[in-house]
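Notes for the one structure printed next.
Where a number appears in this text, it was derived from the coordinates with a stated rule and is not lab data. Computed from a predicted structure; not experimentally measured. No Cβ is skipped: glycine too gets one built from the backbone with ideal geometry, and neighbour counts run over all protein chains shown.
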Amino acid sequence: MRSARERRSIWMVVAAVSLAWGLAACANNLAQELAWERWKKCRDYPGLIFNTIDRDGEIWVKFAAGVSDRDLEPWRACLRQAEAEQAERGLGAGRAPRLASGPAPTAGTPPRFAPEWKRGDEWAYRWQSPLGQGTFIWSFDHEDTLDGEAFYVLRSGPTRDIYYRKKDLAYYMDKVNGTVEYRHTPPTPWAPWPFRAGARWEVRFAAEQPAESQVEHHVRVCESSDDTITVPAGTFDAVKVVCRHAATGALSLEIWYSLPVKQMVRERSVFAYGVRERELIAYKVR
């Protein structure tokens, strides 16, 4: 009969680097594809036998009795390095063709409406701020109806749901394990639709953190333009929006949004603790 230590050593789950990076074989999602690439790079270590990669990007392996947790550290280091290389290189999985560069739209340019998210749409990002850095994946999960309005729900990791109003992609709230962590009232669109360059508008909302009983009231003035930007996932013609605090003129938000990608490709937000930056690394859209 095996000892408790041996039983623990037979199976182990290793989080596929940073938050939610991973891969699989058939009907792969973005997390699984990235994890397969890392596994192929880091599979030649003694005592490891591949088992599977699940849809959350976790790599399951068998390893022989007698292999200690310390023995596995070089393999884990290899996975961390492989993830860092992916973040630097950018994959652009499922990348839509780049739109031709050109001048800002004229009055005869067809209107540009908010894109439609579909099941299977996924976007991978890297982020950094004075609080740290890392990677995460957003996946369109389902639609929900609240007070008669339709919302898209993005899943980030196993417990976080992010709500965006369907008609204009206005951000509404984050839920963690079904509990509201953060909410904008009313929901705040990052751009007016149909979009046009040169627009100027005002945004008013209350930012709520129910668990801390905190509410902050914001008034922002935003302007739109067309721009071209390069991020790890590629070079994109993008909608750029810059928002400033109405009272002071201080920068609050810069966001670049690609309509073919159906999501932001770069974002800079200014908080009390400093600037948070997020950039697209890879994506899949239907």
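Applying 1/(1 + (r/R0)^6) with r as the Cβ-Cβ distance of Ala150 and Trp193 and R0 = 22 angstrom yields a FRET efficiency of 0.90.
As a calculated quantity, the FRET efficiency between Ser225 and Lys40 at R0 = 45 Å, using C-beta atoms, amounts to about 0.60. Highest-first packing order for the peptide set 162-168, 264-270, 210-216 is 264-270, 162-168, 210-216, based on the mean count of other beta carbon atoms within 10 Å.
Using r as the Cβ-Cβ distance of Arg286 and Asp141, and R0 as 22 Å, what FRET efficiency do you calculate, to the nearest 0.05? If you can, show how the numbers build up before the last one.
Details: r = 14 Å, r/R0 = 0.63.
The computed FRET efficiency comes out at 0.95.
Stretch Gln81-Lys118 to full length: gain in nm at 0.36 nm per residue minus the Cα-Cα span? Spell out each step's value before the answer.
Details: separation 37, 0.36 × 37 = 13.32 nm, distance 3.22 nm.
The Gln81-Lys118 span can extend by a further 10.1 nm.
Taken along the Cα-to-beta-carbon direction at a fixed 7 Å, the label points for Lys167 and Val215 span 2.4 nm. Exposure proxy for Val261, Val203: other Cβ atoms within 10 Å of each Cβ, ordered fewest to most, give Val203, Val261. Close Lys pairs in segment 122-284 (alpha-carbon distance under 20 Å; sequence gap of 8 or more, or different chains): 7. With the Kirkwood sum run over all distinct C-alpha pairs, segment 122-284 has a hydrodynamic radius of 16.6 Å. When each of the peptides 175-186, 121-132 is scored by the mean number of other C-beta atoms lying within 10 Å of its residues, the order from highest to lowest reads 121-132, 175-186. Projected label points at Phe50 and Val180, each 7 Å from Cα along the beta carbon direction, are separated by 4.6 nanometres.
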